[in-house]
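Novice: Structure below; questions to follow.
The values are calculated or read from the model by the stated rules, or taken from the named source; none is laboratory data. These numbers were taken from a predicted model, which means no experiment stands behind them. Quick reminder, even Gly has a Cβ in these numbers, built from the backbone with ideal geometry, and neighbours come from all protein chains shown.
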Amino acid sequence: MGDPLMTLPELIRGVRGARTQELVQRECARIRGAIRTGDPQAGTTNLTKLLYIHLLGYPAHFGQMECLKLLASPQFHQKRIGYLGAALLLDERQDAHLLLTNSIKNDLAHPSPCVQGLALACLGCLGSAGMCRDLVGEVQRLAGDALAPMRRKAVACAVHMVRKVPELSDIFVPVCDRLLKEHSQGLLHGTLLLITEMCERRPDVLNHFRKAVPRVVEILHNLEVSGYSLEHSIMGVSNPFLQVRALRLLRVLGQGSEEASEAMNDTLAQVAMNTETSHNVGSAVLYETVLTITAVHSAPGLRVLAVNILGRFLLSRDRNIRSVALMSLLRLVRVDQSALQRHRATVLACLRDPDPSIHRRALDLSLALMTGANVRTMTQELLGFLETCPPAMKPPCASGLLFAAERFAPNKRWHIDTMLQVLTMAGSSVPDNAVSRLIQLIVGAGELHPYIVRRLYGALACDISQVEEGQVPALLERVLQSHLSLPPTRALALTALMKLSTRLPGDIDRIRRIVSVFGSCHDIELQQRAVEYNALFRKYDHLRASVLEKMPLVRAEEEEGAEVVAPGGQKRAPFSTAQEEPSQVADLLDLLGGPPADPLVPAGSDTPVAESLLDLLEDVTTAPPIPPLRVWEGDGLRLDFAFQRPPADPHLLLITASASRTQPGTTSGFLLQAAVPKALQVQLEAPSGTSVPGPDGAPLSQQLRVRNPGQAPLRMRLRLAYTPPAGVPVQETLEINDFPAAAWQ
Amino acid sequence: MIKFFLMVNKQGQTRLSRYYEHVEIHKRTMLEAEVIKNCLSRSKEQCSFIEYKDFKLVYRQYAALFIVVGISETENEMAVYELIHNFVEVLDRYFSRVSELDIMFNLDRVHIILDEMVLNGCIGETNKNRILAPLFVLDKVAES
């Protein structure tokens, strides 16, 4: 080690220059060497350098023993650095942790209060359960009768102990009772915190402290009326942190107890009305007050006050306050909708805020505030929003609007209008079932067909170009050829054309030409359809009429089933040479395509074609049984999956997972968790139990429901947690990629 | 409760980090990088509270330095926002017009100040004089 050791500033300067990695490695090596030789003066410098290196993200665990050595040194400066290093580098998982206990114990009994303070702070960060139990007596003593600053630290340390080992609360309850009578604000702050923590963890302690509500109320009251205090006031609000802490405690104490809530009503009202909100500080206190009012059993007048405060927040110019208000209102609206209707206009105004995160919350809130009475105006506003919002927000907005329209539509015409508008504006970001629902609605609203047809035609025409032609086939041809059409759109247009061929005999040649063009298209789906339709023209022309005739009306319950055949439809052109009957319905948005996949099967006998089509569909949907899968085996335990595809729903796969043992003994605490890729969804039902018995007992079974609308390949990641009879709990993570193909196709 | 307290500059270099819940070393760097990316991508009109994974972030920008505090769901965000400002004011008083370099070269002192203000994940002392008192004592001892 030739050159003298660097000081911390030199190291920092070096690091800020280039070549950080080398320098840091060299320095680490030097520090390690210095630690081994035990050079006393350089100890602190080395440790501070090590802490800086640790801050940068390099491993620094070799400094732990050095920390412990410095801790034990009699010099305050070294002790300080030692404790700092311990707080940053050590934690419960390290072995060196246990060696701390003795040092801390000695320091707690040290005559100098600063040292005691250091030890308390360290215990508060790092104390393990065992250490807490050992040292609780010392801490209690310090909390009871030491000097004021140390009492605060002792109380803070007690908070940590109570978190780690809730049983220790019993020891601190009498201490807290005494401390509540103190006047020093800093001490009160710590005490209130300790009481809050204890009450959250132990219901019996909670009951005990309900008696203290008057005292807490008194503290809050004193803060309100005391006016300006040089030390603690911030921007004219006296000790806001203590106020917030007291309000939080009142919240915990008041929940579930009528009389406690009653005792605090007056003070809450006073705080709510007197705190000024020109700065963030006052708003913070008010926010906490509102949270408390809504959580306890407060008087109705008080609740209205809370909602009004939130409404006032919404008008504030500070965006933080607006977003916080929106979040709380969202929580409130689930409980009490009517009170919030007054603020509807403000919420809608928030939709136009420059901040996108506020948009999202305002949208959720607006959707929650919709009722039958205000649905028309709200929908107008939300449609306006949908038009201008960024693409990321379109799906939730669209699905929310559609859902609301479903629930509150005053009449069918309005409903269909709204759905059309949403579809036009949101485009491809609507949920899948929106389209089929629209079709259902259209078919059901027979008397509105002419109106609907005109709207749909208009929508389609505007969408692709400014074409003014009156010919529907030409329009569809443009759709097919347009670069903007997506493949599904093309497929639908192709099918619509086919259906038109029966209704418009004059244009058959044109339609045939268009369809045959797609016989050599790159897209497989389109090619297949085009070839089949061509065949329909050529060989089975006589069948074409019956194949493409109008399908029966779909009822709402049947939508779940696989046999949904979208109603066949036809577009009425705005010119008057309509040969078709006026009762047939337009179907641009033919979801599942018209004829089934195999029109080449001849109808054969005298049974009408339509019936055999439905038979065909039923055949297709019953699947052969899928073989079960042995997922995992090990540790005397075995996990199998059995599959089932219910014919009613083609996208659903039911997996029955069964866990059994191959060797005698019982595995306990068995827990299965599953995750699937984003395109799929999985839902786990409750298992039959949590322990797997020996080979002669009934295996543990659990149902998983996997929903796979896009028929994506099924992969799953499983996590198993169990405790074998030997004793040590085990966790296994598995990835399963080899599901049988029939499970997801 | 407060989960962590970070001071990161615009280039993504961490100037101060304090975790009140155990987080592995390599996860810390990832967390810090992601957090700073989130904060840098916010514009001026957006609010200072971000929802990130299962907790909330409260951030405040002071010149080129971001102070980011991660808090649990139940904590009052606006109080923590005030706490950040209080912390910066204390630093300002101690270092007389604090700058990033001051923080870098006096990291242990900044840690002492932070330890007085945030005890174990909860807000502790908030009075500036009382926070700085032990530090002045330490300075006097170190000089002599």
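Novice: Could you grab me the full set of residues in region A:293-304 that are over 9 Å from residue A:255 (Cα atoms) and buried (at least 16 other Cβ atoms within 10 Å of the Cβ)?
Specialist: Residues satisfying the conditions are A:293, A:294, A:298, A:302, A:303.
Novice: Could I ask something else about it? Quick check on my filter: what residues within region B:50-80 are over 20 Å from residue B:99 (Cα atoms) and of a type in the set (Phe, Trp, Tyr)?
Specialist: B:52, B:55
Novice: Okay, moving on. Kindly list the number of the only condition in (1) surrounded by fewer than 18 Cβ atoms within 10 Å (Cβ to Cβ); (2) at pLDDT 80 or above that fails for residue A:119.
Specialist: Answer for residue A:119: the failing condition is (1).
Novice: Give the residue that is surrounded by the most Cβ atoms within 10 Å (Cβ to Cβ), with candidates limited to residues of region A:183-199 that are without any contact (Cβ under 8 Å) to a residue 40 or more places away in the chain and more than 11 Å from chain B (Cβ to nearest Cβ).
Specialist: Applying the filter and picking the extreme gives A:191.
Novice: Which of the following residues is outside any loop (DSSP other than H, G, I, E, B) and more than 26 Å from residue A:218 (Cβ to Cβ): A:192, A:187, A:142?
Specialist: Every option except A:142 fails the conditions.
Novice: Being part of a helix (DSSP H, G or I), in contact with a Lys or Arg (Cβ under 9 Å, 6 or more places away or on another chain), of a type in the set (S, T, N, Q) and within 28 Å of residue B:87 (Cβ to Cβ) narrows it down to one of A:292, A:277, so name that one. Write out each step before concluding.
Specialist: Details: A:277 fails: part of a helix (DSSP H, G or I).
Only one candidate qualifies: A:292.
Novice: Say whether the condition of being modelled with pLDDT under 75 and surrounded by 15 or more Cβ atoms within 10 Å (Cβ to Cβ) is met by at least one residue in region A:29-40.
Specialist: No.
Novice: Quick check on residue B:93: is it in a helix (DSSP H, G or I) and either within 11 Å of chain A (Cβ to nearest Cβ) or not aliphatic (A, V, I, L, M) (or both)?
Specialist: Criteria met by residue B:93.
Novice: Then there's this: Taking only region B:96-125 into account, find how many residues are in contact (Cβ under 8 Å) with a residue 60 or more places away in the chain, facing chain A (nearest Cβ under 9 Å) and touching an Asp or Glu at 6+ places or on another chain (Cβ under 9 Å).
Specialist: The number of residues fulfilling the criteria is 2.
Novice: From B:128, B:56, which residue is within 11 Å of chain A (Cβ to nearest Cβ) and over 23 Å from residue A:190 (Cα atoms)?
Specialist: Values: B:128 fails: over 23 Å from residue A:190 (Cα atoms).
Going through B:128, B:56 in turn, the sole match is B:56.
Novice: Give region A:48-84 a look and list any residue that's in a loop (DSSP other than H, G, I, E, B) and either over 14 Å from residue A:94 (Cβ atoms) or at the interface with chain B (Cβ under 8 Å from one of its Cβ atoms) (or both), or say none. Show your work before the answer.
Specialist: Residues of region A:48-84 that are in a loop (DSSP other than H, G, I, E, B), as a first pass: A:57-60, A:72-75.
Passing the criteria: A:57, A:58, A:59, A:72, A:73, A:74, A:75.
Novice: Given (1) more than 18 Å from residue A:290 (Cα to Cα); (2) within 20 Å of the chain's Cα centre (by Cα); (3) away from chain B (no Cβ under 13 Å); (4) among the hydrophobic types (A, V, I, L, M, F, W, C), identify the lone condition not met by residue A:389.
Specialist: Here residue A:389 meets the rest and fails (2).
Novice: Hey, another quick one. Would it be correct to say that residue B:109 is over 14 Å from the mean Cα position of the chain (by Cα) and basic (Lys, Arg)?
Specialist: Judged against the criteria, residue B:109 is not a match.
Novice: Could you please find all residues in region B:20-41 being within 9 Å of another protein chain (Cβ to nearest Cβ), surrounded by 12 or more Cβ atoms within 10 Å (Cβ to Cβ) and modelled with pLDDT under 80?
Specialist: Step one: filter region B:20-41 for residues within 9 Å of another protein chain (Cβ to nearest Cβ), giving B:20, B:22, B:25-26, B:28-29, B:32.
Now restrict to residues that are surrounded by 12 or more Cβ atoms within 10 Å (Cβ to Cβ): B:20, B:25, B:28-29, B:32.
The answer is B:25, and nothing else.
Novice: Does residue A:212 count as away from chain B (no Cβ under 14 Å), closer than 30 Å to residue B:89 by Cα, modelled with pLDDT of 80 or more and assigned to a helix (DSSP H, G or I)?
Specialist: So residue A:212 fails the test.
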